[in-house]
Amino acid sequence: MSSPAQAVIAFFGQNFDTSGSLVGRQAASAGFLRAYLRHGGADHYSCLTTQTSEIDGFRAFCAAHAPAGRRAEGILPPDMPRLAAVGTLFRPGPDLGYFAWLRRSLGQRAFSICGVNHTLSDDLAVQSFGRLLTGPLQSWDALVCASTSSRDAILRVLDEYSAYFAQRTGAELRSEVRLPIIPLGVDCDEFSPPEGAAAARATERARLGIGAEEFVLLYVGRLNHLEKANPLAMYLAAEQAALRTGRKLRLIQAGWFASEATEQAFRQGAQVLAPSIAHLFLDGRLAENRRVWFAADAFISLVDNFQESFGLTPIEAMAAGLPVVVSDWDGYRDTVRDGIDGFRIATATLPPGLGEAIAFLYAAGYGGHAGLVGVASQSTSVHPALAANAIVKLIEDEALRARMGEAGRARARETYDWPIIVRAHQALWAELAELRRSAPEVAPPQPGRATRPLAMDPFALFRDFATLALGAQVRLSLTPGVDARIAQGMARLALAAPLRGFLLDDAGIARLVEHLAKGPAELHALVEPFDASLRQPAWFTLGWLAKCGLVNWG
């Protein structure tokens, strides 16, 4: 049996850091990397980054989460050809085009690039979707979509952008990048308390001062009514349910506020719209509140924001055995089965055409992302009466709660547990490797043309700046009195060689000087005796020797 496919991780520590906030993108990226290290089945793991400090961070992450004995190594851009030995570069984001342009210099079949979409509304994300059309991406590359709705939105961007290019040039652009659907995952074991559900429930309720008679609704996530979820429908529905049942109802909101003004808006809204409810706000970033799941009777998340593209917390709630009440929205439609794991509550938003003004203002840099999604959210509704009906059913029917909770727990374990998600990614990487071996190549580099037109070789782009270029046929001669020792000493002078790493080492410098000591030589004759990997540094070194007045041309 062949070993599972592996990937090099594009690693920048801030993308995997969940210590400061509960941001879905970072939580999903960190969760995937932890799961890949635990379940990937490799004897060592590699990252691609731009700084040695990031390599240290990757090694620390691996030491904390990979099985004992696994090695961790880093790859810096000069060593990117090493990616070919692994076969896939995994980027925890959507901008595949950035790496595709870098790969173009190495050979487009060198490795596959696999990314993941998170938010769909941010301008940087949308621009990265556009580069799926314009960049040198191949059929052996993939952007993993977390949900059906996410993929549909990306396809809509590609369709509109392609139509623009067809109008502009008469040619139709088509993206070859694959858009498979693989959901985000959770570590189901984290939501199964070792002491048992009943004991965990008693402990958490005692810690939070919750009485046995209280019915507890739980929301987990960022507390931001402009960019995450407006709690309006949740407050209204909970208030109606409390009044209709006469049951003491407590609503826990575990997350973090972006500002004092946001916190004030939430607390004021809670008191005005749901005065019969006992409200409890918890800082979800604190370790002591990570087990709040076990205090709840049901989970609720009535998201109404285009910023949300998948939603991890309903799956976490299902893993904890909680019935869920969620809005019928984006990724929730894929994850929560209405009437089985919980209830999906109908939503309504405005028709196409009415958002053009706010899209224009966002594109113009006026109002920011919060303005774009906040205005849209303000005119998007989650049916509060239907949400109240769902909460009432759960309050009044303990057997229904237990049945839905167990159904959700089983679904989370069978469909969203990280080992299953990791295997799905590895199967995709193996499939991409097959395509890389046989599928036709899109836009292969052309001899004499720039491999990256918007990031050209500066000596090509600015070739008219100098009097002449030190081409292969230019004859160089050693300045009288110069020897290897003098040239090596010049290389140790910071002013003369501020970027010493791009030149040959002392032995290479001596080799060039000794060749020229025999008499003038054409530049190609000086460079060609070096191994292929050293020819470019040799050329740079000859230019540097001329800069320092140690050799002359002409």
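Read the figures in this text as sums done on the coordinates, not as results from a lab. Keep in mind that this is a model prediction, so the values were computed, not measured. Ideal geometry is used to build each Cβ from the backbone, glycine not excepted, and the neighbour counts take in all protein chains shown.
Worth a mention:
- Farthest towards the positive end of the charge dipole of the chain, among the residues PRO81, VAL292, GLN488, is the Cα of GLN488, using unit charges on the Cβ of Lys, Arg, Asp and Glu.
- Here the range 29-145 is described by how far its Cα atoms reach on the three principal axes: 43, 32, 26 Å, from widest to narrowest.
- Charge sum, other residues only, whose C-beta stays under 14 Å from SER533's C-beta, Lys/Arg counted +1 and Asp/Glu -1: -2
- A Förster radius of 45 Å combined with the Cβ-Cβ distance from ALA466 to ARG38 puts the calculated FRET efficiency at roughly 0.25.
- Note on the range 162-193 and the range 495-520: Cα centroid distance 49 Å, given to the nearest whole angstrom.
- Within the same chain, aspartates and glutamates fewer than 8 places from LYS393 are excluded, and of the rest, those with a Cα less than 20 Å from its Cα are GLU213, GLU214, GLU239, ASP297, ASP328, ASP338, ASP341, GLU406.
- Reduced Cα scattering model of the chain, Debye log10 I(q)/I(0), q = 0.05, 0.08, 0.09, 0.12 Å⁻¹: -0.29, -0.66, -0.79, -1.17
- Pairwise label distance in nanometres, ALA198 with ARG168, each label 7 Å out on the Cα-Cβ vector: 6.6 nm
- Neighbour net charge for GLU190 - beta-carbon separation under 10 angstrom, K R +1, D E -1: -1
- Since only SER477, HIS118, HIS225 are under comparison, the one whose Cα sits farthest along the positive direction of the charge dipole of the chain, derived from C-beta charges on Lys, Arg, Asp and Glu, is SER477.
- Note on the range 191-415: the C-alpha convex hull projects to 12.5 nm² when averaged across all orientations.
- The residues packed around LEU503, meaning those with a beta-carbon under 15 Å from its beta-carbon, carry a net charge of +3 if Lys and Arg are +1 and Asp and Glu are -1.
- Where trypsin sites (Lys or Arg not before Pro) in DSSP loops with at most 13 other Cβ within 10 Å are excluded, longest remaining stretch of the chain: 1-173
- Chain lengthening between LEU400 and ARG207 when straightened (0.36 nm per residue, less Cα-Cα): 66.8 nm
- Of the DSSP H helices in the chain, those whose Cα atoms cover at least 30 Å axially and whose Kyte score averages -1.0 or more: 148-169, 418-438
- Estimated 222 nm signal from helices in the chain, with DSSP H stretches of n ≥ 4 weighted -39500 (n - 2.57), rounded to 500: -13500 deg cm²/dmol
- Between the range 415-448 and the range 50-97, the Cα center-to-center distance that results, in Å: 18 Å
- The Rg/Rh ratio for the range 254-304 is 0.97, where Rg is the radius of gyration of the alpha carbons and Rh is the Kirkwood radius.
- In this Cβ point-charge picture (+1 for Lys and Arg, -1 for Asp and Glu), the chain has a dipole of about 820 debye about its Cα centre.
- Size descriptors for the range 466-553: radius of gyration and Dmax over Cα atoms are 11.8, 31 Å.
- Averaging 1/r over every pair of different alpha carbons in the range 395-525 and inverting the result gives a Kirkwood radius of 22.4 Å.
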